[in-house]
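Visitor: I have a structure here, written as structure tokens, and I will follow up with some questions on it.
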Amino acid sequence: MEVEGKGGEAGTTTTATRRFALPVDAENKSTTFRLFSVAKPHMRAFHLSWFQFFCCFVSTFAAPPLLPIIRENLNLTATDIGNAGIASVSGSVFARIVMGTACDLFGPRLASAALTLSTAPAVYFTAGIKSPIGFIMVRFFAGFSLATFVSTQFWMSSMFSGPVVGSANGIAAGWGNLGGGATQLIMPIVFSLIRRMGATKFTAWRIAFFIPGLFQTLSAFAVLLFGQDLPDGDYWAMHKSGEKEKDDVGKVISNGISNYRGWITALAYGYCFGVELTIDNIIAEYFFDRFHLNLQTAGIIAASFGLANFFARPGGGIFSDLMARRFGMRGRLWAWWIVQTLGGVLCAFLGQIHSLTWSIVVMLIFSVFVQAACGLTFGVVPFISRRSLGVISGMTGAGGNVGAVLTQLIFFKGSTYSRETGITLMGIMSIACSLPICFIYFPQWGGMFCGPSSKKVTEEDYYLAEWSAKEKAKNLHLASQKFAETSVSERGRASTHPQT
Amino acid sequence: MAIHTLLFASLLIFSLIPSSREGNKGRLFSVLQNSLDVTGKPVQDGVVLEAGKDMVTIKWKLKSSGKVDADATFKTIQVKLCYAPISQVDRPWRKTHNELFKDKTCPHEIVSKPYDKTPQSLDWTVDLDIPTGTYFVRAYGIDGDGQEVAYGQSSDEGRTKNLFSVQAISGGHVSLDIASILFSVFSVVSLLVFFVKEKKKAKLEQRE
């Protein structure tokens, strides 16, 4: 099997002699984003990573559209279904945190493919489950694959430069999240095709699960065969050749978790992405029960929520980059806070609406805002830390899932609250948990309500503070140095900060 | 561009939703006459029936104790398999509602026949897609407009007597289990193969 020589290129040549299809910055990250290109390594990495993530989302949410059949086959109760929904998003809380560190250590290519290939068995084994426990377990383990989100963001942040990283992150994640909507259309179609071939209902749904499983496996192969961790090569090859120094795991983790901004982004993400995941799990049932629609119609409405991700989340990322061009990091923060708060308002509204037509309209607008907020989050995350980018991405991603678990536990388990009250309360909680965004402050760029520090802190000061003097003596900090230089663009056009 | 897509999506959704203002909206179960005598007896009493294999003998006729021309408007008889309350617990998709169009007690149709004044009998093999649960049988008398006008059921009003249990098929097959194992092993093994290849390649780089 011929494997492309990515490592070979990086081995002995210097950066000066490398040529890329797209214009690059000092770290060889692309400064533009060309959607219809598959040029090595930047755009290829983009397409491989979003597609793999898409397949993982399809697998994780493959059960909800087929629940009417599955619940009868396995004799599930509403409690079982609720627990399985919580299980499906809770597994990846832990997985996302670990994935951040795994990316820092092994590179996004291996880390993501390893996760995807090791969770594929959970999807295949769904075909053989016979009880509610089996159902909860396969949804739990299959859900781990949602951690490929972190590797997607990490990979894009490694391949694309500041001015376009928000867009790259937003489109990759948005098109991945699309899987949650696409699966609501794909699985029923696959199911009816298999039925037409003669299988009984209770066998057809089982066979249907092989499709997402196969796609998951094949997408991982594509990543391993055609992908590359960094513009300059792969992690392992670069480690051995000395180009990329291996960092101290403990220091990377402690540096990441001690950065308060990572905790704020984790909380805020819990109330945009967490809300999105919760809605993915409950919205079809909501429309089915409250408005007495048939299952196909409820499924189409459920799908449309997730399908908005095609443009909504990328839109958030692109909007973040646009704001940064003019207003710098402060613009990114303001845009994020406003969009996410509005999303919360619309969510609170949604639960109060009694008419079907207006519920759908508000839901669609709400989906655009909440998904754009997710895109805006990851316009800010790449700048919080350079050394511990993986850890911060992992924390934030995990925070998203924690938000989903908490929200489903508090508002959507059992019959404490009616579904509509739950949705309204979730919206109010979103608004509250978005407020901490106001407290994110970068001394070199400022925060929402404060300008940059009067002490004239530079980007270099901020990013190199993550390394000790000893580590700098060993030249471990060079990548951060390059990043600091390119991140000067986050000052915005109207710079009140004199050049140092 | 985003606005256009939003509007288009909305239009698509609206065109697909059937109008909720159907003709028989608001028709209540409680106004139906209990003028049919229905019995549903499994082949053996007290035994759990297997879906696809065991049979239930269903009989229905007009109640002799009812009004003289209670069946004047009957055009069709629809016999359905219904969930007993015990099978509805913690399963809101099987909930009983008084409004007939909302009611989800009897989702499985057994037979639908033109109304015959003579007593009818049917030996029905439990369908393959009937879920595990406890059931009774109900027959609806339907008029020319497709509206229910009367009913009868094999159980009492509280739906606690004369019930029978069904065990569903598992739907699983040995071939499916084997396929699951094969594909899973393939995924994990190919991961290990890739890892080994990566390490070898990295060692090669180091030597250069």
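The values are calculated or read from the model by the stated rules, or taken from the named source; none is laboratory data. Predicted, not measured: the structure shown is a model, and the values here were computed from it. Neighbour counts are summed over all protein chains in view; Cβ atoms, including those assigned to glycine, are modelled from backbone coordinates with ideal geometry. Surface areas here come from the heavy atoms of the whole protein model, side chains and all, with no ligands, DNA or RNA. Shrake-Rupley method; radii C 1.70, N 1.55, O 1.52, S 1.80 Å.
Visitor: Considering all alpha-carbon pairs of chain B, what whole percent are spaced by more than 21 angstrom?
Guide: Considering chain B, 67 percent of its Cα-Cα pairs are separated by more than 21 Å.
Visitor: Another question about this same structure. Please identify the trypsin sites (Lys or Arg not before Pro) of the range B:110-193 that satisfy two criteria: DSSP loop assignment and at most 16 other Cβ atoms within 10 Å. Which are they?
Guide: Sites meeting the loop and neighbour criteria: B:LYS117, B:LYS161.
Visitor: What distance in nm separates the two pseudo spin-label positions at B:VAL185 and B:MET55, each 7 Å out from Cα along the beta-carbon direction?
Guide: 4.5 nm
Visitor: Now a separate question. For B:PHE101 and B:VAL196, compute 0.36 nm times the residue count separating them, minus their Cα-Cα distance, and round to one decimal in nm.
Guide: 28.1 nm
Visitor: Tell me which residues come under 5 Å, amide H to amide H, from A:PHE160 once H is placed; ignore anything under 5 positions away on its chain.
Guide: A:SER30
Visitor: Continuing with the same structure: Could you look at the protein assembly as shown and say what percent of its accessible area is carbon and sulfur, using a 1.4 Å probe and all protein chains?
Guide: 63 percent
Visitor: Go through B:PHE164, A:ILE338, B:LEU192 and say which Cα lies farthest out towards the positive end of the charge dipole of the protein assembly as shown; charges sit on Cβ, +1 for Lys and Arg, -1 for Asp and Glu.
Guide: A:ILE338
Visitor: Using Cα pairs closer than 8 Å and at least 6 residues apart in sequence, work out the relative contact order for chain B, in percent.
Guide: Taking the mean separation of contacting Cα pairs over the length of chain B, I get 26 percent.
Visitor: Peptide A:359-365: average number of partner chain Cβ atoms within 10 Å per residue?
Guide: 3
Visitor: Please enumerate, by chain and number, the lysines with C-alpha under 19 Å from the C-alpha of B:LYS67, excluding those fewer than 8 residues away in the same chain.
Guide: Once the sequence-local lysines are set aside, what remains near B:LYS67 is B:LYS75, B:LYS117.
Visitor: Right, something else. For peptide A:198-208, what's the mean number of Cβ atoms from other chains within 10 Å of each residue's Cβ?
Guide: Mean number of neighbouring Cβ atoms from other chains: 4.
Visitor: Here is the link list: A:LYS482/B:LYS197; A:LYS472/B:LYS201; A:LYS474/B:LYS201. Which ones come out longer than 28 Å on Cα distance?
Guide: A:LYS482/B:LYS197; A:LYS472/B:LYS201
Visitor: Taking 23 Å as the cut-off for C-alpha to C-alpha distance, list the pairs among A:LYS201/B:LYS113; B:LYS104/B:LYS161; B:LYS80/B:LYS102; A:LYS413/B:LYS95 that go past it.
Guide: Listed pairs above 23 Å: A:LYS201/B:LYS113.
Visitor: I'd like the distance separating the alpha-carbon centroids of the range B:90-161 and the range A:278-355, in whole Å.
Guide: That distance is 41 Å.
Visitor: Note down the magnitude of the dipole of the range A:118-261 about its Cα centre, charges +1 on Lys and Arg C-beta and -1 on Asp and Glu C-beta and zero elsewhere, to the nearest 20 debye.
Guide: Its charge dipole is roughly 900 debye.
Visitor: So if R0 is 30 Å, what FRET efficiency would A:ALA222 and A:SER192 give, r being the distance between their Cβ atoms, rounded to the nearest 0.05?
Guide: The calculated FRET efficiency here is 0.60.
Visitor: Tell me, what HN-Hα J-couplings in whole Hz come from the Karplus equation 6.51 cos²θ - 1.76 cosθ + 1.60 at θ = phi - 60° for each residue of the range A:453-469, using x for Gly and Pro?
Guide: Couplings: 4, 6, 7, 6, 6, 9, 4, 4, 4, 5, 6, 7, 5, 6, 10, 7, 4 Hz.
Visitor: At q = 0.13, 0.22, 0.24 Å⁻¹, work out log10 I(q)/I(0) for the range A:297-398 with the Debye formula, treating every Cα as an identical point scatterer and leaving solvent out; two decimals please.
Guide: After summing over all Cα pairs, the log10 values are -0.53, -1.10, -1.19.
Visitor: Here's something else I'd like to know. By per-residue mean of other Cβ atoms within 10 Å, what is the highest-first order of A:264-276, B:40-52, A:315-327?
Guide: Highest mean packing first, the order is A:264-276, A:315-327, B:40-52.
Visitor: Calculate, in nm to one decimal, what A:THR421 and A:ALA473 gain on full extension: separation in residues at 0.36 nm each, minus their alpha carbon distance.
Guide: 12.9 nm
Visitor: Let me ask something else about it. Please compute how much accessible surface disappears when A pairs with B, both sides summed, using a 1.4 Å probe, and round it to the nearest 100 Å².
Guide: The buried area between A and B, both sides summed, comes to about 4900 Å².
Visitor: Sticking with this structure for a sec: Quote the relative contact order of chain A in percent (integer), defining contacts as alpha-carbon pairs under 8 Å separated by 6+ residues.
Guide: Value for chain A: 22 percent.
Visitor: Let me ask another. Report the label-to-label distance for A:ARG326 and A:ARG19 in nanometres (one decimal), using points 7 Å from each Cα along the Cα→Cβ vector.
Guide: It is 3.9 nm.
Visitor: Add +1 for every Lys or Arg and -1 for every Asp or Glu among the other residues with Cβ under 12 Å from the Cβ of A:ILE384, and state the total.
Guide: Result for the local shell: +2.
Visitor: For the range B:71-134, what is the accessible area per residue in Å², given a 1.4 Å probe and the full set of protein chains?
Guide: Per residue, the range B:71-134 has an accessible area of 47 Å².
Visitor: A further question on this structure: Taking Cα atoms, how many degrees apart are the long axis of helix B:2-16 and the longest axis of chain B, rounded to 10 and kept between 0 and 90?
Guide: Roughly 30 degrees, rounded to the nearest 10.
Visitor: Provide a list, ordered by number, of residues in the range A:111-140 showing at least 30 Å² less accessible area with every protein chain present than when their chain is taken on its own, using a 1.4 Å probe.
Guide: Going by heavy-atom accessible area, the residues of the range A:111-140 that drop by at least 30 Å² are A:ALA114, A:LEU117, A:PRO121, A:TYR124, A:PHE125, A:LYS130.
Visitor: OK, next. Suppose each label sits 7 Å from its Cα in the direction of the beta carbon; what would the A:THR200-A:SER355 distance come out to in nanometres?
Guide: 4.7 nm
Visitor: The range B:166-180: which residues show an accessible-area loss of 30 Å² or more, assembly versus chain alone, 1.4 Å probe?
Guide: With the partner chains in place, the range B:166-180 has these residues losing at least 30 Å²: B:ILE169, B:SER170, B:GLY171, B:LEU176, B:ASP177, B:SER180.
Visitor: Let me ask something additional. Given axes a ≥ b ≥ c from the Cα gyration tensor, I'd like to know whether chain A is rounded (a/c under 1.5), prolate (a/b larger than b/c) or oblate.
Guide: In terms of gyration-tensor shape, oblate.
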